[in-house]
Amino acid sequence: AQSVAQPEDQVNVAEGNPLTVKCTYSVSGNPYLFWYVQYPNRGLQFLLKYITGDNLVKGSYGFEAEFNKSQTSFHLKKPSALVSDSALYFCAVRGMDSNYQLIWGAGTKLIIKP
Amino acid sequence: SAVISQKPSRDICQRGTSLTIQCQVDSQVTMMFWYRQQPGQSLTLIATANQGSEATYESGFVIDKFPISRPNLTFSTLTVSNMSPEDSSIYLCSFHDRVKNIQYFGAGTRLSVL
């Protein structure tokens with residue numbers, strides 16, 4: 001069965017420090033991987049995706065993610081956190097035969113402290 | 001990318017009534033999706049709506065409770081029927097962008113049922 005795990009309910013980081021939000025997945029075949037961010041009382045905003053190619057993908061707002069096939073992971077990273085990065089982050093995966101439906105992680109609340 | 005607008009943004013409804021949520025995309029899209037989300041939690045897919053065919057519902061969701069219309073390639077509605085307090089949630093619509101291979105989301109409808 002296809003699944004996505006975000007092992008941390010919450011991640012706390014001091015402003016200016018690097019941040020990592022973890023995501024692991026299980027899917028048959030080659031995965032399509034996505035990160036979305038949700039600010040309070042807002043819809044989901046697309047951050048970045050991995051389909052094929054370079055394992056390090058860069059996205060919006062200075063975020064990047066590294067696809068690691070052997071570890072089935074797709075961790076979200078940013079070199080220097082901003083207070084405005086505080087939000088709820090979702091990892092999602094789509095298998096090649098999924099009819100475009102996404103499987104969602106539980107979400108990780110990221111709190112950046114000044 | 002296409003712009004997706006969703007309305008109403010929020011509503012407070014009485015038990016036993018129905019609410020119709022509208023989702024408009026500014027370009028033609030084949031696949032649209034409806035989700036439910038409890039605040040701070042992950043997304044649950046209600047149904048996939050393709051133009052010209054009946055919506056496909058996920059386990060636990062039925063057409064009588066959540067009828068969906070998809071009259072053309074730019075518009076869809078979700079009705080929450082005979083509401084109870086358990087239907088209080090955030091409802092999100094989205095569409096799949098085939099060119100970019102990304103799912104984009106509306107801002108959501110925050111529903112409270114009294």
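What spacing in nm lies between the two simple spin-label points modelled at A:I111 and B:T17, each 7 Å away from Cα in the Cβ direction?
Inter-label distance under the simple model: 3.7 nm.
Read phi for every residue in region A:103-112 and hand back ³J(HN,Hα) as whole Hz from Karplus 6.51 cos²θ - 1.76 cosθ + 1.60, θ = phi - 60°, with x for Gly and Pro.
Karplus values, whole Hz, x for Gly and Pro: 9, 9, x, 6, x, 10, 7, 9, 10, 9.
Enumerate cysteines in chain B without a disulfide-compatible partner, where compatibility requires another Cys Cβ under 4.7 angstrom.
By the Cβ distance rule, which asks for a partner under 4.7 Å, the isolated cysteines are B:C13.
Taking K and R as +1 and D and E as -1, what net charge do the other residues with C-beta under 13 Å from the C-beta of A:K58 add up to?
Net local charge, A:K58 excluded: 0.
Using the Karplus curve 6.51 cos²θ - 1.76 cosθ + 1.60 with θ = phi - 60°, what ³J(HN,Hα) values do you get for each residue of region A:82-94, in whole Hz, with x for Gly and Pro?
Once rounded to whole Hz, the list reads 10, 4, 5, 6, 4, 5, 9, 10, 10, 9, 9, 9, 9.
Give me the distance in nm between label points sitting 7 Å out from Cα along the Cα-to-Cβ direction at B:S27 and A:Y61, one decimal.
Taking the simple label geometry, B:S27 and A:Y61 are separated by 2.4 nm.
Could you please rank B:C13, A:C91, B:C23, placing first whichever residue has the fewest other Cβ atoms within 10 Å of its Cβ?
Ranking B:C13, A:C91, B:C23 by Cβ neighbours within 10 Å, fewest first, gives B:C13, B:C23, A:C91.
Quantify how much of the Cα-Cα distance distribution of the protein assembly as shown extends past 31 Å, in percent.
I get 22 percent for the Cα pairs in the protein assembly as shown exceeding 31 Å.
Counting only trypsin sites (Lys or Arg not before Pro) that sit in a DSSP loop (anything but H, G, I, E, B) with at most 13 other Cβ atoms within 10 Å, what is the longest stretch of chain B containing none of them?
B:16-97
If you take each beta carbon of peptide B:32-38 and count the beta carbons of other chains within 10 angstrom, what is the mean?
For peptide B:32-38, the averaged partner shielding equals 2.
Work out from phi, with θ = phi - 60° and the Karplus expression 6.51 cos²θ - 1.76 cosθ + 1.60, the ³J(HN,Hα) of each residue of region B:84-91, listed in order in whole Hz, and give x for Gly and Pro.
10, x, 5, 7, 4, 5, 9, 10
Would you mind checking which residues have amide H under 5 Å from B:F61's amide H? H placed 1.01 Å from N; only 5 or more apart, or other chain.
none
Name the residues whose placed amide hydrogens come within less than 5 Å of the amide hydrogen of B:C13, ignoring near sequence neighbours (fewer than 5 apart) on the same chain.
It is B:S112, B:V113, B:L114, by chain and number.
Check which residues have an amide H placed less than 5 Å from A:S86's amide H, if you skip close sequence neighbours.
The list, which skips near neighbours in sequence, is A:I112.
If we restrict to alpha carbons, what Rg and Dmax does region A:1-82 come to, in Å?
When restricted to Cα atoms, region A:1-82 yields Rg and Dmax of 13.0, 39 Å.
How far is the Cα center of region B:96-111 from the Cα center of region A:1-18, in Å?
So the separation of the two Cα centres works out to 23 Å.
Relative contact order (percent) for chain A, with alpha-carbon contacts under 8 angstrom and 6 or more residues of separation?
Computed value for chain A: 38 percent relative contact order.
Take the residue pairs A:K77/B:K100; A:K58/B:K7; A:K69/B:K7 and return only those whose Cα atoms are more than 30 Å apart.
Result: A:K58/B:K7; A:K69/B:K7 exceed 30 Å.
Which value, in debye to the nearest 20, gives the size of the charge dipole of chain A about its Cα centre, when Lys and Arg are +1 and Asp and Glu are -1 at the Cβ?
Charge dipole of chain A: 80 debye, to the nearest 20.
Classify chain B from the C-alpha gyration tensor, please: rounded if a/c falls under 1.5, else prolate or oblate depending on whether a/b exceeds b/c.
Since a/c reaches 1.5 and a/b is larger than b/c, the shape of chain B is classed as prolate.
Averaged over A:39-45, how many beta carbons belonging to a partner chain fall within 10 Å of each residue's beta carbon?
Neighbouring Cβ atoms belonging to other protein chains average 6 per residue here.
Laboratory data are not the source of any read-out in this text; all were calculated from the coordinates shown. Keep in mind that what you see is a predicted model, and the values were worked out from it rather than measured. Please note: Cβ atoms are built from the backbone with ideal geometry, for glycine as well, and neighbour counts cover all protein chains shown.
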